[in-house]
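Take a look at the structure set out below.
Bear in mind that the values in this text are calculations on the coordinates, not laboratory data. Please read these numbers as outputs of a predicted model, since none were measured by experiment. Cβ placement follows ideal geometry from the backbone for every residue including glycine, while neighbour counts extend to all protein chains displayed.
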Amino acid sequence: MTSKTLVSATINGEPVEFLCEPHQSLLECLRNVLGLTGTKEGCNDGNCGACSVLLDGQLVNSCLVLGVEIEGRAVTTVEGLADWRGLHPIQQAFLEADGFQCGFCTPGILIATKALLDRKPNPTEAEIRTWLSGNLCRCTGYDKIVRAVQAAARHLNVAGQEVNE
Amino acid sequence: MQPFIYQAPTSVGEAVALLADPACRARPFAGGTDLLVQMRRGLFAPEMLVDVKRIPELNRIDFDLVEGLTIGAAVPCAWLCDHPAVRQHYAGLIDAVSIIGGTAIQWRATLGGNLCNAAPSGDSIPALIVLGATAMLAGPHGARTVPVADFCIAPGKTVLRPGELLISLHVPSPATRTGARYLRFIPRGEMDIAVAGAGAWLALSNDHATITDARIALSAVAPTPLWVKAAGEALIGKPPTAEAFVEAAKIAQEAARPISDVRGTAAQRRHLVGVLTRRALRGALQRAKGEACHD
Ligand SMILES: Cc1cc2nc3c(=O)[nH]c(=O)nc-3n(C[C@H](O)[C@H](O)[C@H](O)COP(=O)(O)OP(=O)(O)OC[C@H]3O[C@@H](n4cnc5c(N)ncnc54)[C@H](O)[C@@H]3O)c2cc1C
Ligand code: FES
Ligand code: FES
């Protein structure tokens, strides 16, 4: 047996310390060590995107990151999207546009959408579809997801303008 | 996954010492997008993973019009896709690194990992071969360089000796009137492994009327990525016409040694080599002339 390592990181804006073994993925650490079960496990091999999180702002599959690798780094999970004001505009847009059915893919798709809109506030439909190609959904047929992302982009852009005015 | 020890050295010397220690079976760990998947399937059970993402030399991109491009082995595909000089001067390499996985894979999958994994379908490898890239290695007995064309020797096998680490990849400076293109066929638009792929690189004479040099390399149609020297040589001295490209594509088809598997049949792969080689040559020609490539 290998010994446990103490990892210090920032998760959803909060400083966190936890113990894990080197072979535990970030996904396992989030769900089984830290109790953050919003991030889902689908394939555990990088294909489905259910485990998507932001690592220092970049989109990654947490099943292909080791827990020990996040030492000193910042992770955002779906639990970090809403704040005291309520749901994040992306979450609100998915709710209003029926961007999910069973909801299993949704945490990963919300995080992937955040990564996209942080980088590109006005993506085209083709850009949205390409960006989300690593996030599989067995229910919606994707069209409603794309509409939800477009609605989220509009809401965020309007909110951004109001802040600037 | 079997337990292992995790080490994240900050220098090449430390990493090589860990990898070369006979007391412990250690393996380099970059993005983990091949390695962790293979370890979960039980293909390897290393006793130690040596994370190479904290070693400065492996995590930088250096470009200079005279020296060319040096890419650290642990640079993920997304950094290359975002690098203005790489986009401008090495479009044929961007063709390949921009299609490895989806967005999330792109932030982890490295160029070094793609090469060292030595999959016949590794998309960046034919692109690096046609650009004339070399691999810089460091090991317990010193440093050496190996042409990327000679790096892979069998599926999953490379020329790396025990304890050796890939440090960086060097791509020669982009000469004027040269252009490269990499294309692959997959059933989906994204997130799939090549059924077949082709990379092409061309150099033109001053008046654009003659091909002065050419290289063609293929993926997923042989046990390793395949440099078809004869296909490139057949183009030298010829005008860059559709007829010349058809001839070169035929040579590439003959050189391919495809198998039938879940992704496609040998016959389909051989057919694809013809189509993709012709299209890659057309794209390389457009770029060599300074035109945009739409195909
Ligand atoms: C969902 C998904 C989609 C994918 N799509 C594609 C695709 O479209 N095209 C494609 O070509 N590949 C694809 N891959 C495979 C993989 O992402 C690439 O091969 C990637 O470039 C590997 O890089 P890595 O940094 O993740 O390597 P790792 O997994 O960290 O390492 C791969 C191998 O290289 C060795 N290694 C790593 N760095 C070094 C070094 N510096 N020196 C010596 N040895 C080293 C490791 O020990 C290991 O054996 C995909 C994988 C997944 C999970
Ligand atoms: S669980 Fe990580 S990509 Fe499917
Ligand atoms: S809503 Fe069920 S998988 Fe996407």
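Structure data summary
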item	result
Tensor-based shape of segment A:1-144 (alpha-carbon gyration tensor, a/c under 1.5 rounded, otherwise prolate or oblate)	prolate
Tail beyond 30 Å, pair distance distribution of the protein assembly as shown (Cα, percent)	48
DSSP H segments from chain A that extend 15 Å or more along their own axis, Cα-based, with Kyte-Doolittle mean of -1.0 or above	A:106-119, A:143-164
Percent of Cα pairs exceeding the 27 Å cut-off, where the set is chain B	39
On Cα atoms only, tilt of B:242-255 relative to the major axis of chain B in degrees	40
Percent RCO, i.e. relative contact order, over chain B, from Cα pairs under 8 Å lying at least 6 residues apart	16
Pairs of Lys in the protein assembly as shown closer than 23 Å at Cα, counting only those 8 or more apart or on different chains	12
GNM result for chain B, Cα springs below 10 Å: residue of B:ILE94, B:ILE167, B:ILE236 fluctuating most strongly	B:ILE236
In degrees, nearest ten, helix B:266-288 long axis to first principal axis of chain B (Cα)	80
Relative contact order [Cα under 8 Å, 6+ residues apart], segment B:58-171, whole percent	27
Peptides ranked, highest mean first, by Cβ atoms within 10 Å: ranges B:220-226, B:121-127, B:262-268	B:121-127, B:220-226, B:262-268
Average partner coverage of A:56-66, which counts Cβ from other chains inside 10 Å	6
Relative contact order (%) - chain A, alpha-carbon pairs under 8 angstrom, separation at least six	22
